[in-house]
């Protein structure tokens, strides 16, 4: 049986005074306007801000839990001690500094908050804000995955129960850390290049030990240049096993795929 959610719909309204301690939970604000107003200890839980214009407003200790901001303008808006658990943003102009001070305390909520802002900034074409949100999201995700298998906090032990829960969380954390070191989880060309150089260095050591005099320093220099050519694909020595060359080719193709993925994401943000 469906029942009314009790939402209060307000259309084309304006705040003409400051607000303190008011309750506007479960509202739908359509084309709401406020300029240079201060909102202190306001309960906005589960409300929707659609096509609103809130310029140079101050929000102090307000509760935006479960709120949705759609096509809303927040130029010059300042937030202090507000709660944004499960809040979402779509095509909303908000200062990226909100990521510095207003992230939820729990890492999983912080990651979700940064993710919705990252998507929001990408819709607006703000590349620098997207990068900032992505950095916050990755940091929060790493901490969350580590706590999932390592922490004894009640939240994590109830959501990842038993030994098997810890093992699955540990494997997810290991995968995240591995991809972070290899290519910054899709965000760092520098880390990808370092990973490629490490692979080439290992190939050079293999070449020096297997086909040259490993006791000479110049051997490793020569082997490094040769390994680089093999990795790029311009050289296929006859003494190398076909399986080894196939494995190197596979790594090269994966590295190229990672590189193109990073470049495409960077351009998409612009």
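For the range 130-245, a Kirkwood hydrodynamic radius built from all Cα pairs, placed in the Stokes-Einstein relation at 20 °C and 1.002 mPa s, yields a translational diffusion coefficient of 124 µm²/s. Building the convex hull from the alpha-carbon atoms of the range 1-95 and averaging its projection over directions returns 5.9 nm². Applying 1/(1 + (r/R0)^6) with r as the Cβ-Cβ distance of residue 199 and residue 159 and R0 = 41 angstrom yields a FRET efficiency of 0.65. Treating the angle as unsigned and between 0 and 90°, give the value, to the nearest 10°, between the Cα long axis of helix 189-211 and the longest Cα principal axis of the chain. The answer is roughly 20 degrees.
Taking the C-alpha atoms only, the angle from helix 217-232 to the longest principal axis of the chain is near 60 degrees.
Can you work out the PRE-style zone for residue 95? Point 7 Å along Cα to Cβ, and I want the residues of the range 56-72 with backbone N under 18 Å. Of the residues in the range 56-72, 56-62, 72 have backbone N under 18 Å from the label point off residue 95. Using the Cβ-Cβ distance between residue 152 and residue 28 with R0 = 51 Å, the FRET efficiency computed as 1/(1 + (r/R0)^6) comes to roughly 0.75.
Show me 212-219, 147-154 ranked by packing, highest mean number of other Cβ atoms within 10 Å first.
Working: 212-219: 11.4, 147-154: 14.4.
Order by mean packing, descending: 147-154, 212-219.
The relative contact order of the chain comes to 9 percent, based on Cα pairs under 8 Å that sit 6 or more residues apart.
Between helix 127-150 and the chain there is an angle of about 80 degrees, using the helix long axis and the longest principal axis of the Cα atoms. Principal axis extents of the C-alpha atoms in the range 30-185 (largest first, rounded to whole Å): 53, 33, 22. Every helix of 4 or more DSSP H residues in the chain counts as -39500 (n - 2.57), and over all residues that averages to -17500 deg cm²/dmol at 222 nm.
With 0.36 nm allotted per residue and the present C-alpha distance subtracted, the residue 252-residue 55 stretch has 65.8 nm of extension available. Remark: the range 132-186 projects, on average over all directions, an area of 3.8 nm² (convex hull of Cα atoms). In the set (i) 26.1, 83; (ii) 20.7, 63; (iii) 19.8, 58, the label that goes with Rg and Dmax of the Cα atoms in Å computed for this structure is (i).
Each value in this text was obtained by applying a stated rule to the coordinates, not by laboratory testing. Predicted model, so just to flag it, every value in this text is computed and none were measured. Glycine also receives a Cβ, built like all others from the backbone with ideal geometry; neighbour counts cover every protein chain displayed.
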